[in-house]
1. Could we say that Phe274 is modelled with pLDDT under 90 and either over 27 Å from Gln142 (Cα atoms) or in contact with a helix residue (DSSP H, G or I) (Cβ under 8 Å, 6 or more places away or on another chain) (or both) here?
2. Would you mention how many residues in region 18-37 are under 18 Å from Glu116 (Cα atoms), surrounded by 14 or more Cβ atoms within 10 Å (Cβ to Cβ) and over 44 Å from the mean Cα position of the chain (by Cα)?
3. Check Leu330, Leu337 and return the single one that is at pLDDT below 90 and hydrophobic (A, V, I, L, M, F, W, C).
4. Which one of these is part of a helix (DSSP H, G or I), modelled with pLDDT under 80 and over 30 Å from Ala182 (Cβ atoms): Asp403, Asp408?
5. Can you say whether Leu310 is assigned to a helix (DSSP H, G or I) and among the hydrophobic types (A, V, I, L, M, F, W, C), as far as the supplied structure shows?
6. Just checking, does region 248-270 include any residue being within 31 Å of the chain's Cα centre (by Cα), assigned by TED's automatic domain parsing to the domain that holds Lys289 and among the small types (Gly, Ala, Ser)?
7. Any chance region 245-252 includes a residue that's buried (at least 19 other Cβ atoms within 10 Å of the Cβ), under 16 Å from Phe301 (Cα atoms), in contact with a strand residue (DSSP E or B) (Cβ under 7 Å, 6 or more places away or on another chain) and touching a residue at least 40 places away in the same chain (Cβ under 8 Å)?
8. Within region 216-229, is even one residue at pLDDT below 90 and under 19 Å from Lys263 (Cβ atoms)?
Amino acid sequence: MKRSILIVDDEMDMLQLLKRSLEPDLNCTVETALSGEQTLQLLERKMFDLVLADIKMPGMNGLELLELIKRENPDLTVVMMTGHGDIEMAVEAMKSGAYDFITKPFDHDALVLRLEKALERSSLLMENIRLQKECHESDAFQNLVGKSSKMQRVYETIQMVAKTDLTVLITGESGTGKDLSARAIHALSNRRSGPFISVNCPTVPENILESELFGYKKGAFTHATQNKTGLFQAAHRGTIFLDEIGDISPTIQTKLLRVLQEKEIKPLGDTKTFEVDVRIISSTNRNLKKKIKNTEFRQDFFYRLNVLPLELPPLRERREDIPLIANHLLEKHNRKLEKSVNKISTELMEIFMQQTWEGNVREMENVIMQGILFSNTDEITPRDVGFKKNTKNNSFTGQTFQDASYKDAKEQVLKQFNANFIGNLLTTSEGNVTQAARLCGLERQALQQIMRRYGIKAEPFRKSGGQSK
């Protein structure tokens, strides 16, 4: 869409001259007005990128017009035109909110240059307003959901740190969105066209983690039959996300410290080092300062990680976001589970608002997936998720089956148990069925058979943009 300029002057010849010369040179559309009153009428009907107005006009002069424009539209860019003898009035106009002033007679090239800068300023302002509106009015920001003031601060911090290339440490309880925040920083950064490599540190044994991160050379150890490229090299010109870094050993901490300091890695068994151009984002739900006191975490490593801190609030501190998140998760998993449950009952939403949510959004996600699977109607009720109100202490206890037969009650308990138990396994393994089977001591085929029986699918637990971490 072409940029638009409104030119205001009481001389028709001047208006026609400027329109003929500026439209081709600035690749814009120009509309004209002969008075302040006509200008205000046009501004009521149409948006312009720039207003170019003469200061000296009969009736309403340029300063009065500027004041009225800024009162109604403070972000509109206004440039004033003035004669050589009216410089003081032009300075007054700048104090009142004009972006610039230009003296008559014009040098055409200088005029075009000044107006081009004014249009660039207008474009930047409009883009900033658009981003703020997207951030503050949308239910979701880079797949993070919430409108609370605490989440608005998180969004603003993400946008700020994304513009840099510095190391970021994301802290917060499990399930608050650390993985999504890391992905948002990468997506908004200059590295967004490069790879994003996520490493779940606690799930990889220490002896394997080192070779995964840095790679190894053929013959480095017994089963090293060929060279292997490490994840740091795979993340070259992109971002590597070290999830739950508070759980890694001091040995790995020392090796990662070298990467942070020297920007290079050394594969196992190799005598050479390799430079890596990688941004490091890490996360933890641990109290790292306490671990430092207990000599479980290196202090110098902590300060290298904590250049730009980002703290995520727990769900209980932003309860106003609970309905938004619950409905977002319902829509997301209703589609993935191929169900037609489109509502959370009022009673259940009241329960959600009262819960402490120790597992935060991840805990809510598991509850909603269970509700979608168990619901026999188009809405999820407290019964579907195993909640029953206890009138004595206003807490919520497990579901009772006093109206069901023994066989039905047993099947319901088994269904609920498997949904919870296997759901937690798949959450931990991020939807990896083989790893989930290993964690619970079952063969993969046996676990798959149980999942098929109770309609449990692995796909919803895989990280593909939902708020699950």
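1. No.
2. 2
3. Leu337
4. After applying the criteria, what remains is Asp408.
5. Answer is no for this residue.
6. Yes, that holds for at least one residue.
7. yes
8. Yes, because at least one residue in region 216-229 is at pLDDT below 90 and under 19 Å from Lys263 (Cβ atoms).
The values are calculated or read from the model by the stated rules, or taken from the named source; none is laboratory data. Keep in mind that this is a model prediction, so the values were computed, not measured. Every residue, glycine among them, receives a Cβ derived from its backbone with ideal geometry; neighbour counts consider all protein chains shown.
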